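Please read the structure below before turning to the comments.
The values are calculated or read from the model by the stated rules, or taken from the named source; none is laboratory data. Source: prediction; values computed, not measured. Ideal geometry is used to build each Cβ from the backbone, glycine not excepted, and the neighbour counts take in all protein chains shown.
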Amino acid sequence: MAASAIVPPSPELLESEWKTPDRGKVGITFLILTETSLFTMFVATYLIYIGKSLTGPYPKDVLEIPILATICLLSSSGTIVFAEHALEREELGRFKVWWLATLLLGLIFLAYTGIEWRHLIYVDHLTISTNLFGTTFYSLVGLHASHVIVGAVFLTLVLVVTLRGFPIATQKRRVMFLSWYWHFVDAVWVVVFTVVYIIGR
Amino acid sequence: MASIDYPLERPEAAPREFSFSESLYKWVATVDHKRLGLMYMVSALVFLVIAGIMASVMRLQLAVPNNHLVGPATFNRLFTMHGTTMVFLVGMPIVAGMANYLVPLMIGARDMAFPRLNAFGFWIFLFGGVLLYYSYLGGSGLSGAGSAPDVGWFAYAPLTEKAFSHGASTDFWALGVLVSGFGSIASAINVIATCVSLRCPGMTLARMPVFVWVMLVDAWLVLVVLPPLSAAQIMLLLDRFLGAHFFDTQFGGSAVLWQHMFWIFGHPEVYILIFPAFGTLSEVIPIFARKPIFGRPAMVGAVVAIGFISLGVWAHHMFAIGMTSWSNTFFAAASMLVGVPTGIKIFNWTATMYGGKIRFAVSMMFCCGFLLQFLVAGLTGIMLAIAPFDWQLHDSYFVVAHFHFTLIGGLVFGVFAGIYYWFPKVTGKMLSETLGKWHFWLFCIGFNLTFIPLHFAGMLGMPRRIYTYAAGRGWESWNTIATIGVFFQIAGIACFAWNVIQSVRSGKAAGDDPWDAWTLEWATTSPPPEYNFEKLPVVRSSRPLWDLKHPQDPDWKYD
Amino acid sequence: MLALAALAWLQSPTPALTEHRIANIFKPLASPAESEYQIALFSFVITGAIFVAVAGLIIYTMVRFRRRRDDDTRQEPPQVYGSNQIEAAWTVIPILIVFVLIGVTARVVASVENASPPASTVKLTLIGHQWWWEVQYPDFGVVTANEIHVPVSRDGAHTATYLQLESVDVIHSFWVPQLSGKTDLIPNRDNFLWIDPREPGVYLGNCAEYCGTQHANMLLRVIAEERSDFERWAAEQRRPAEQDGQIGEARATFESLSCVNCHTVKGTAAAGKFGPDLTHLMSRQTLGAGVLANTGANLRAWVNDPQQSKPGCFMPSMKLTDRELDQVVAYLQTLK
Ligand code: HEA
Ligand code: HEA
Ligand code: CUA
Ligand SMILES: [Cu+2]
């Protein structure tokens, strides 16, 4: 056989019938897998250190349950779905509205976190170096918040691009991936919320 | 079978000389998976030599008792940098490099799924490596005295806390490894997406070469276990820079938490490192024994099983921390269970050779070396897994001997087998078999001479990570022999380096398929063109080129 | 084979020393080390057998099926894809072996970890410091360093020493191979261990967890002696330092130096806690956790500049004048 072989296409299998999963979807899925692993470690550490602080302030003294922020963040998972659907049906106007709503809800969440931290630091004198509670609280909530920030940045980018009239077709996939990521960030918040504000108190 | 003969058209690459700056630009700006793969491999080999030289200095220091060649501070930096470099800057880029170069070729794809992410991964990896080595200058400012990290490659807390590790050297360790880890994650996502999405028509998962399967599981492992290390390093950096108390025992923090997080990463990591060698053997042995891999499904299943079981054995590195007898037993049991799928692999490789016509090309010699040495390594691993025995062996030179048997006798031998096998594909030139045999024998003898004696030093109570020892404790002769072995290893690697240089300059032309092989990478030119395949291949079995070469008895008949 | 030959070598008798310098794990002299030795032998036999069988198979295959010169290179060997029976066999057999190993391991783990030490134990607390060991006997009111005295365990009078392991800084590990495997000394966590040496003698051990610059010189000696000798030793140690009138000036010099900030000498102004207790310094065999034998010359060298013999250790060079040095060393030598 000639050294320079090439494989013959077999008659019963043509390239056009060959379907493999979308690489973007695969990529995002596994990105989320690895992020999950990262959060798991911080959550586990939080759980391990509950009640191990040698000095105050303790969670039950200073933590308020962030109901409003939670509602905002969770409902933003809904608005982003509406936005996606709108884009699917090529209703650009509605897309923009829902998209903007998602972004605003995310920003409200971040603002609440900012206010909460400010209060903790200046009023309750809890910093990352005060005790184990401070250490684990700021790092876990901060890690989550940093993911919200990244999400918000990308939401903004898409918004800007859309407002400047970018072709919809190229947007669709991006919007889909971003919405997966956003759902993930929301799901993580459910865990963080449970661990920090319910179990941890 | 209606075999259509496709004449291969090859647009001859324009015979144009590139100027130095042009070709430099081509390399730096490339997103081609083959160039990136090569860059990974070359950096790995460069780091191998650097870390190997460090190891040689350590061995010289330990050759005789009460030696004062290097002081304690220098020695501690040497083994820290040696271990860290070998694991993160040699082992990991080998994983990424081999996957990058070979996976697309083997599954008949034109590139990786995300070429630019791929380039990003390489450069961020290299940046992490440079950052780590910058610690020699920046660890305590440019004051002259170098200050690389000296906390050991697993950097146990609280030794790494600010209170016990002043200066910035530990920060460089955490940051450098963290950053290079992002590169590994990028490359792992890429490998998975490539394997899942870019297979050529007909390349079902069941037909994917075992090598590709191994790299797929490897990438999955990277994604699952690298974040725990990153998390631990982020926490350490928070401790060091912001005064957090994750590992601060004075504030109620736990010293054991670091160990858990590190080894949740660390144990699967050793499988991440050995997998490229497993993959290589699964490709090389069939070709040189002239038989298909024995029990393909079992081989793939074993890798998947290792991938899962290895997630649950981490605390066998922590038998001495005073765990409950239940935990000790559980982790001992899980560790020994890993031996079962690993055994399946060894048996199936042997069965592949059984009944074949084995051709002992250098590549195959390295495979045989692997089989015997990895067997020893695995069995000493089983001894370590027996918790009560490990209470004696833990942190002794027996462990050092065990893991060098896995990492050199296994990983490095496997990688050399791979290099001798795929070098013709990558460069279009053959490596010299004569020099290769010198390389094999010198390295094999040297390696065994170095690391067999260290088992005995360990059983005589020699702890690891000691910069010197007193005479009369029964360790001298073992250590002297071990050091002599290193000279053979250096000679072996020098042969290899010479061989590569010679062959690139004036090696025999390889042709496209010098080994008469069966997987898709041999269906294109050597070296492959930028787009890999003129026309995307279509396959009907796991050995497409076998089908082509044996139209009267193709593999797909048995699928 | 190699392993067996080596085993034979390891078992060969070493010259009778009261100082067991060669800390061979295959010559256990206390119960924990003994159980570990038993299971070690067992695992050697099993893994040795696996090695012989599997390596034999591999080598046989390599030799038997190598390509011969007269082989027809164009003729491929029969293509065999696998065999379910054979593969099942080499999956099931290792599983069985592994189960045996797990069973034995579980038993030994439990027997060592959950064994209650014999009655009438001596209790001591071993505290790891970078890079020396603090030894406290709360029941005897004794504090010493780097050398552990324990009563020997006789068949009639089985006795054990119970160690509580703590650390003030980083992780260290207790390892005296002939007496017991390792247990770590971890800050903010209490670990326990017991030993019952069967022969009088000095057993050498090391810190076995990397703990910083001088980890190599964090050596440990366990001195097993007859019960009566042990009790005599403890009584000696409990006494405050000798008040030798002759040496009053030297003592004053010592007390005027900053040594007292780090060292304790019971019955004097020296009450530092950072370094080893020096009250009965001269009763110890080594200095600096085993770097130097405790001789006059070495003591002088150590006090003059500990960084010379133990670079990086946490006792600074005290830069004493020759006179001060003479006096301090003279004083220390009275601390019997
Ligand atoms: C490539 C790397 C690699 C590989 C593959 C392995 C494989 C194994 N290792 Fe190893 N190990 C390391 C790298 C590796 N190790 C490193 C780097 C360290 C030290 C880290 C440090 O402290 O710095 C270490 C340390 C280490 C320890 C901790 C020692 C200590 O510090 O106290 C233990 C304990 O259980 C262990 C066990 C095992 C086991 C059970 C296997 C098994 O996977 C082996 C399985 C293989 C076989 C068993 C042989 C083939 C099987 C058969 C022929 C079937 C028949 C066999 C049976 C029925 C048993 N290893
Ligand atoms: C892939 C992993 C890998 C590899 C390949 C090696 C390779 C080698 N290792 Fe390594 N080693 C580790 C991983 C590895 N090691 C790890 C993880 C640790 C633990 C670290 C820790 O405790 O934190 C360790 C620790 C370790 C120790 C224990 C240190 C201690 O505990 O005190 C020793 C001591 O002998 C040692 C020796 C060697 C030697 C002699 C080689 C040799 O095989 C090296 C051979 C290579 C060369 C010799 C280079 C050849 C160079 C040339 C050909 C160039 C010619 C020269 C010039 C032109 C100048 N290693
Ligand atoms: Cu203490 Cu090592
Ligand atoms: Cu392990």
Flag if residue B:108 is buried (at least 22 other Cβ atoms within 10 Å of the Cβ), of a type outside the set (A, V, I, L, M, F, W, C) and within 14 Å of chain A (Cβ to nearest Cβ) | yes
Going through (1) modelled with pLDDT under 90; (2) in contact with an Asp or Glu (Cβ under 6 Å, 6 or more places away or on another chain) one by one, residue C:264 fails only at (1)
Look through B:366, B:403 and report the one residue that is within 15 Å of ligand 4 (Cβ to nearest atom), of a type in the set (Phe, Trp, Tyr) and in a helix (DSSP H, G or I).
-> B:403
Are any of the residues in the range B:517-533 in contact (Cβ under 8 Å) with a residue 40 or more places away in the chain, surrounded by fewer than 17 Cβ atoms within 10 Å (Cβ to Cβ) and within 30 Å of residue B:445 (Cα to Cα)?
-> no
So which of B:223, B:238, B:257 ends up being facing chain A (nearest Cβ under 7 Å), of a type in the set (A, V, I, L, M) and without any contact (Cβ under 8 Å) to a residue 12 or more places away in the chain?
-> B:238
So, of the residues in the range C:134-156 that are assigned to a strand (DSSP E or B) and either within 14 Å of chain B (Cβ to nearest Cβ) or within 16 Å of the chain's Cα centre (by Cα) (or both), which turns out to be farthest from ligand 1 (Cβ to nearest atom)?
-> C:149
Which residue, of B:297, B:286, B:228, B:276, is within 16 Å of ligand 4 (Cβ to nearest atom) and assigned to a helix (DSSP H, G or I)?
-> B:228
Counted residues in the range B:418-473 being away from every other protein chain (no Cβ under 14 Å) and either within 16 Å of ligand 1 (Cβ to nearest atom) or polar (S, T, N, Q) (or both) come to 6
Just need a number here: residues in the range A:155-177 that are without any contact (Cβ under 8 Å) to a residue 60 or more places away in the chain and within 15 Å of residue A:77 (Cα to Cα).
-> 1
Return only the number of the condition from (1) more than 14 Å from ligand 2 (Cβ to nearest atom); (2) part of a helix (DSSP H, G or I); (3) within 14 Å of chain C (Cβ to nearest Cβ) that residue B:409 does not satisfy.
-> (1)
Residue match in the range B:190-206 (condition: buried (at least 21 other Cβ atoms within 10 Å of the Cβ), more than 12 Å from chain A (Cβ to nearest Cβ) and among the hydroxyl-bearing types (Ser, Thr, Tyr)) = no
Scanning the range C:188-213 residue by residue, the ones that are in a loop (DSSP other than H, G, I, E, B) and either within 16 Å of ligand 1 (Cβ to nearest atom) or at pLDDT 95 or above (or both) total 4
Determine which member of the set B:471, B:491 is among the aliphatic types (A, V, I, L, M) and under 25 Å from residue B:281 (Cα atoms).
-> B:491
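Results for (1) in contact with an Asp or Glu (Cβ under 9 Å, 6 or more places away or on another chain); (2) at the interface with chain C (Cβ under 8 Å from one of its Cβ atoms); (3) not acidic (Asp, Glu), shown as yes or no for each residue.
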{"position": "B:348", "(1), (2), (3)": "yes, yes, yes"}
{"position": "B:353", "(1), (2), (3)": "no, yes, yes"}
{"position": "B:360", "(1), (2), (3)": "no, yes, yes"}
{"position": "B:367", "(1), (2), (3)": "no, no, yes"}
{"position": "B:370", "(1), (2), (3)": "no, no, yes"}
{"position": "B:384", "(1), (2), (3)": "yes, no, yes"}
Would you mind finding the one in C:272, C:248 that is free of Cβ contacts under 8 Å to residues at least 60 places away in the same chain, over 25 Å from residue C:122 (Cα atoms), away from chain B (no Cβ under 14 Å) and surrounded by 15 or more Cβ atoms within 10 Å (Cβ to Cβ)?
-> C:272
Picked from the range C:74-133 (must be assigned to a strand (DSSP E or B) and surrounded by 19 or more Cβ atoms within 10 Å (Cβ to Cβ)), the residue farthest from the other protein chains (Cβ to nearest Cβ) is C:122
Part of a helix (DSSP H, G or I) and of a type in the set (Gly, Ala, Ser), is that true of residue C:23?
-> no
Of the residues B:148, B:119, which is within 14 Å of another protein chain (Cβ to nearest Cβ) and either within 16 Å of ligand 2 (Cβ to nearest atom) or at pLDDT 90 or above (or both)?
-> B:148
With respect to residue B:205, is the statement that it is over 27 Å from residue B:120 (Cβ atoms) and free of Cβ contacts under 8 Å to residues at least 60 places away in the same chain true?
-> yes
Go through B:409, B:458, B:414, B:428 for me and flag whichever is surrounded by 23 or more Cβ atoms within 10 Å (Cβ to Cβ) and either farther than 20 Å from residue B:483 by Cα or among the β-branched types (Val, Ile, Thr) (or both).
-> B:414
Of a type in the set (S, T, N, Q), within 16 Å of ligand 2 (Cβ to nearest atom) and not in a helix (DSSP H, G or I) - does that describe any residue in the range C:221-243?
-> no
Could you list, in sequence order, the residues of the range B:242-274 that are within 13 Å of ligand 2 (Cβ to nearest atom) and in contact with an Asp or Glu (Cβ under 6 Å, 6 or more places away or on another chain)?
-> B:272
Scanning the range B:310-326 residue by residue, those out of contact with any strand residue (DSSP E or B) (no Cβ under 6 Å at 6 or more places or on another chain), part of a helix (DSSP H, G or I) and within 15 Å of ligand 4 (Cβ to nearest atom) turn out to be B:310, B:311, B:312, B:314, B:315, B:316, B:317, B:319
Could you figure out which of (1) more than 15 Å from ligand 1 (Cβ to nearest atom); (2) surrounded by fewer than 22 Cβ atoms within 10 Å (Cβ to Cβ); (3) of a type in the set (Ser, Thr, Tyr) isn't true of residue B:329?
-> (1)
Can you tell me which residues in the range B:57-76 are more than 16 Å from ligand 1 (Cβ to nearest atom) and more than 19 Å from residue B:476 (Cβ to Cβ)?
-> B:71, B:72, B:73, B:74
Cross-chain or 6+ apart pairs with Cβ under 9 Å, the range C:297-310 first and assigned by TED's automatic domain parsing to the domain that holds residue C:286, then basic (Lys, Arg) and surrounded by 16 or more Cβ atoms within 10 Å (Cβ to Cβ) = C:302/C:310
For residue B:318, indicate whether it is within 16 Å of ligand 2 (Cβ to nearest atom), within 23 Å of residue B:258 (Cβ to Cβ) and within 11 Å of chain C (Cβ to nearest Cβ).
-> yes
Restricting the search to the range B:366-406, which residues are closer than 21 Å to residue B:48 by Cα and more than 16 Å from ligand 2 (Cβ to nearest atom)?
-> B:367
